[in-house]
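Have a look at the structure below, then the notes.
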Amino acid sequence: MSNSEKLRTEKLNAWFGQKQALKDVNLLIRANVVTAIIGPSGCGKSTLIRTLNRMHELVPQAKVSGRVLLDGKNIYDDDVDPVQIRRRVGMVFQKPNPFPTMSIYDNVAAGLKLVGVKKGPALDEIVKRCLQQASLWDEVKDDLKKPGTSLSGGQQQRLCIARALAVNPEVILMDEPCSALDPIATAKIESLIRDLSKEYTVVIVTHNMQQASRVSDYTAFLYLGELVEYGLTKDIFENPKNELTEKYITGEFG
């Protein structure tokens, strides 16, 4: 398991208009491991991961203060291009969102075309590799021209993961990636998350305690916008230091 730092937040605050969603969050995210962010609804989990690739600022009246360091460089510095950051730090959303008018193939290729990889064997190869990485290739290889929306919910989510992988990110953020899926599809995504962490840094937001304990190496517990506790997942679940963490994990609230 890696101990090298990939991302770090320092005194990170975030607002929607007047409402403060994050309060002085200091969090270290290590490379090539899975970090889970847990906490009750409305505690700032999704906001936190959206600040890690500058998606939070796309919301009207959203503000951020503090620093987010990616490989030691603050992504909010004036000389940083947010589009580049979003390529390096990809995002998979709660609800599978394949582009509705595009085929399975074109869904994966979409991001590549934006960065100048046009048709041809090179594109075919990358599409195949990403679908393989997303554990989807064997299921769709004969149907690449079918619409992405023709797939089941679990397959659509893996297609969205393949699409995120296509632009070769370093970090993959996942916002409740299994909440719309059945148990079998969820198990496939969880197994995929473990595999992906060998090559990528993965951060997953989940409200599912069992999922956090199954897939993550480290866990951060957020409550009312504050980071209450962070550590090895095993320690957080078996021996939490904070009473609030213990109450949440044992189901006393949430």
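Overview of values
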item	result
Filter pass, PRO177 being out of contact with any Gly (no Cβ under 9 Å at 6 or more places or on another chain) and closer than 17 Å to ALA36 by Cβ	yes
LEU144 in a loop (DSSP other than H, G, I, E, B) and touching a strand residue (DSSP E or B) at 6+ places or on another chain (Cβ under 9 Å)	yes
Subset tally (residues that are charged (D, E, K, R) and either within 15 Å of LYS23 (Cβ to Cβ) or touching a residue at least 60 places away in the same chain (Cβ under 8 Å) (or both)) for region 207-228	2
Exclusive hit being in contact with a helix residue (DSSP H, G or I) (Cβ under 9 Å, 6 or more places away or on another chain), in contact (Cβ under 8 Å) with a residue 24 or more places away in the chain, open to solvent by 50 Å² or more (accessible area, probe 1.4 Å) and not hydroxyl-bearing (Ser, Thr, Tyr), set LYS198, LYS188	LYS188
Positions within region 15-25 being in a strand (DSSP E or B) and open to solvent by 60 Å² or more (accessible area, probe 1.4 Å), in sequence order	PHE16, LYS19, GLN20, LYS23, ASP24
Members of region 76-130 that are open to solvent by 60 Å² or more (accessible area, probe 1.4 Å), outside any loop (DSSP other than H, G, I, E, B) and not β-branched (Val, Ile, Thr)	GLN84, ARG86, ARG87, ARG88, LYS113, LEU114, PRO121, ALA122, ASP124, GLU125, LYS128, ARG129
Among the residues listed as ASN168, ASN208, the single one being in contact with an Asp or Glu (Cβ under 9 Å, 6 or more places away or on another chain) and surrounded by fewer than 22 Cβ atoms within 10 Å (Cβ to Cβ)	ASN208
Residue in region 231-250 that is open to solvent by 30 Å² or more (accessible area, probe 1.4 Å), under 12 Å from CYS43 (Cβ atoms) and assigned to a loop (DSSP other than H, G, I, E, B) present	no
Residue in region 79-94 that is of a type in the set (Phe, Trp, Tyr) and over 17 Å from the mean Cα position of the chain (by Cα) present	no
Residue check for ILE37: in a strand (DSSP E or B) and either touching a residue at least 24 places away in the same chain (Cβ under 8 Å) or over 23 Å from PHE221 (Cβ atoms) (or both)	yes
Of the criteria (1) of a type outside the set (Asp, Glu); (2) modelled with pLDDT under 95; (3) over 29 Å from MET209 (Cβ atoms); (4) surrounded by fewer than 20 Cβ atoms within 10 Å (Cβ to Cβ), which one GLY72 fails	(2)
Only listed residue being assigned to a strand (DSSP E or B) and either buried (at least 20 other Cβ atoms within 10 Å of the Cβ) or within 13 Å of the chain's Cα centre (by Cα) (or both), chosen from LEU28, LEU48, LEU12	LEU12
Close pairs (6 angstrom Cβ cut-off, 6 or more residues apart or separate chains): under 24 Å from PHE221 (Cβ atoms) in region 48-75, at pLDDT 95 or above and exposed (fewer than 14 other Cβ atoms within 10 Å of the Cβ) anywhere	GLY66/LYS11
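Here's the yes/no breakdown for (1) more than 30 Å from LEU131 (Cα to Cα); (2) among the aliphatic types (A, V, I, L, M); (3) at pLDDT below 95:
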site: VAL59; (1), (2), (3): yes, yes, yes
site: VAL80; (1), (2), (3): yes, yes, no
site: ILE85; (1), (2), (3): no, yes, no
site: PRO96; (1), (2), (3): no, no, yes
site: PHE99; (1), (2), (3): no, no, yes
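Matching residues to (1) over 10 Å from TYR105 (Cα atoms); (2) among the β-branched types (Val, Ile, Thr); (3) out of contact with any His (no Cβ under 8 Å at 6 or more places or on another chain):
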site	(1), (2), (3)
ASP124	no, no, yes
CYS130	yes, no, yes
VAL140	no, yes, yes
SER152	yes, no, yes
ALA164	yes, no, yes
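The values are calculated or read from the model by the stated rules, or taken from the named source; none is laboratory data. Model, not experiment: these values are computed from the prediction. Glycine gets a Cβ as well: all are built from the backbone with ideal geometry, and neighbour counts include every protein chain shown. Just so you know, the surface numbers come from the protein's heavy atoms only, side chains and all, with ligands and any DNA or RNA stripped out. Shrake-Rupley method; radii C 1.70, N 1.55, O 1.52, S 1.80 Å.
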